[in-house]
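Notes to accompany the following structure.
The values are calculated or read from the model by the stated rules, or taken from the named source; none is laboratory data. Since this is a predicted model, take the numbers as computed values, not measurements. Positions of Cβ are backbone-derived with ideal geometry, glycine not excepted, and every protein chain shown enters the neighbour counts.
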Amino acid sequence: MTIRKNQATLTADEKKRFVNAVLELKRAGTYDTFVSTHNSFIMSDTDSGDRVGHRSPSFLPWHRRFLLEFEQALQAVDSSVALPYWDWSTDRDARASLWAPDFLGGNGRSRDGQVMDGPFAYAGGKWNINVRVDGRSYLRRELGAGVAQLPTRAEVESVLAMETYDMAPWNSSSNGFRNHLEGWRGVNLHNRVHVWVGGLMSTGASPNDPVFWMHHAFIDKLWATWQKRHPNSPYLPAAGTVNVVDLRDTMRPWNNVTPADMLDHTAHYTFDTAL
Ligand code: CU1
Ligand code: CU1
């Protein structure tokens, strides 16, 4: 059984195994396929027309499925690996062990944002950016430059307290838990973390930075926590909504999975702490 742990608690060996599995997917080309999938879905997810991965109720089930596929790819390399989650409400500055050279490496240099240490530094020869937003082939970060503060625990709690999953018009102007968690309204949780990391994390090609997976693993955990706290609040919308993924509509690109299929994470993994 897969147990997703807080990244801050991983042993040196667990960090090494995670990093090595990520590097192996990169070497094999699998990693960049995930980046491409995400990038193309970001581009198509505008507030008008058909939305799947972002600015819509299916933001959470879409990313849950996306992360599961990535985790399964890692496990095909090393069966002991699980996706760690980054609780950015606790590990909230550039000195956190997450950014050390034995794990994700640190901030980008001031001149061009290039990450210079750790396994994902361009000079190490194992982490070329192939799915690009511009001509640059190195990983970039600007920690804390786009926005100074990561969300606090109190801000997280204020969003977890919301009763309703999502509301019409089911986009980035909606009220409710999903849109406040995604960050288009209110205190802004998910989007703000992308901007805080900066560089490629604030683009559609954000999975180029491996911290993407740990950020989304925490967003996924917050969804699970919210479900536990609001057992009578269903996924919405239920049915018959144009251009929106209803409970039993299939999601692209897989076309064989619905939000209903993704509601119970315990079929696939659990977390190291109670929800
Ligand atoms: Cu995304
Ligand atoms: Cu994201």
Scope the stretch 233-275; condition polar (S, T, N, Q) and closer than 15 Å to G176 by Cβ; matching residues = S233, T241
Tell me, yes or no, whether the stretch 183-199 has at least one residue that is within 11 Å of ligand 2 (Cβ to nearest atom), under 20 Å from A96 (Cβ atoms), in contact with a Ser or Thr (Cβ under 8 Å, 6 or more places away or on another chain) and of a type outside the set (A, V, I, L, M, F, W, C).
-> yes
Would you check if R95 is in contact (Cβ under 8 Å) with a residue 24 or more places away in the chain and either under 28 Å from W170 (Cβ atoms) or assigned to a loop (DSSP other than H, G, I, E, B) (or both)?
-> no
Just need a number here: residues in the stretch 1-55 that are over 23 Å from N191 (Cα atoms) and either buried (at least 16 other Cβ atoms within 10 Å of the Cβ) or at pLDDT 95 or above (or both).
-> 24
Subset of the stretch 228-246 [within 30 Å of N6 (Cα to Cα) and in contact (Cβ under 8 Å) with a residue 12 or more places away in the chain] = K228, R229, H230, S233, P234, Y235, L236
Per-region count, the stretch 74-92, residues in a loop (DSSP other than H, G, I, E, B) and either polar (S, T, N, Q) or modelled with pLDDT under 95 (or both) = 4
Scan the stretch 1-42 for residues that are in a helix (DSSP H, G or I) and of a type in the set (S, T, Y) and jot them down.
-> T9, T30, Y31, T33, S36, T37, S40
Inspect the stretch 126-143 for any residue being aromatic (F, W, Y), touching a Phe, Trp or Tyr at 6+ places or on another chain (Cβ under 7 Å), more than 29 Å from N20 (Cβ to Cβ) and surrounded by 14 or more Cβ atoms within 10 Å (Cβ to Cβ) and give the result as yes or no.
-> no
Mind listing just one residue for me: the one in the stretch 40-72 that is under 25 Å from A28 (Cα atoms), aliphatic (A, V, I, L, M) and within 13 Å of ligand 2 (Cβ to nearest atom) and, of those, farthest from the chain's Cα centre (by Cα)?
-> I42
The stretch 218-240: number of residues that are closer than 21 Å to D45 by Cα and either of a type in the set (A, V, I, L, M, F, W, C) or surrounded by 17 or more Cβ atoms within 10 Å (Cβ to Cβ) (or both) | 8
Can you tell me which residue in the stretch 145-186 is nearest to the chain's Cα centre (by Cα), limited to those that are within 14 Å of R229 (Cβ to Cβ) and charged (D, E, K, R)?
-> E157
Filtered residue count, the stretch 159-173, keeping only those that are closer than 15 Å to L60 by Cα and either aromatic (F, W, Y) or assigned to a loop (DSSP other than H, G, I, E, B) (or both) = 7
What pairs come up if the first residue lies in the stretch 98-120 and is more than 14 Å from M201 (Cα to Cα), the second is among the basic types (K, R), and their beta carbons are under 7 Å apart, counting only those six or more places apart or on different chains?
-> D102/K15; F103/K15; M116/R109; P119/K126
Please tell me if E155 is away from ligand 2 (no atom under 16 Å from the Cβ), surrounded by fewer than 24 Cβ atoms within 10 Å (Cβ to Cβ) and not in a loop (DSSP other than H, G, I, E, B).
-> yes
Selected residue (criterion: nearest to ligand 2 (Cβ to nearest atom)) from residues of the stretch 20-34 that are more than 16 Å from A217 (Cα to Cα) and among the aliphatic types (A, V, I, L, M) | L25
Taking the condition within 21 Å of the chain's Cα centre (by Cα) and more than 15 Å from ligand 1 (Cβ to nearest atom), does T241 pass?
-> no
Report yes if A224 is of a type outside the set (S, T, N, Q), more than 16 Å from ligand 2 (Cβ to nearest atom) and within 30 Å of A8 (Cβ to Cβ), otherwise no.
-> yes
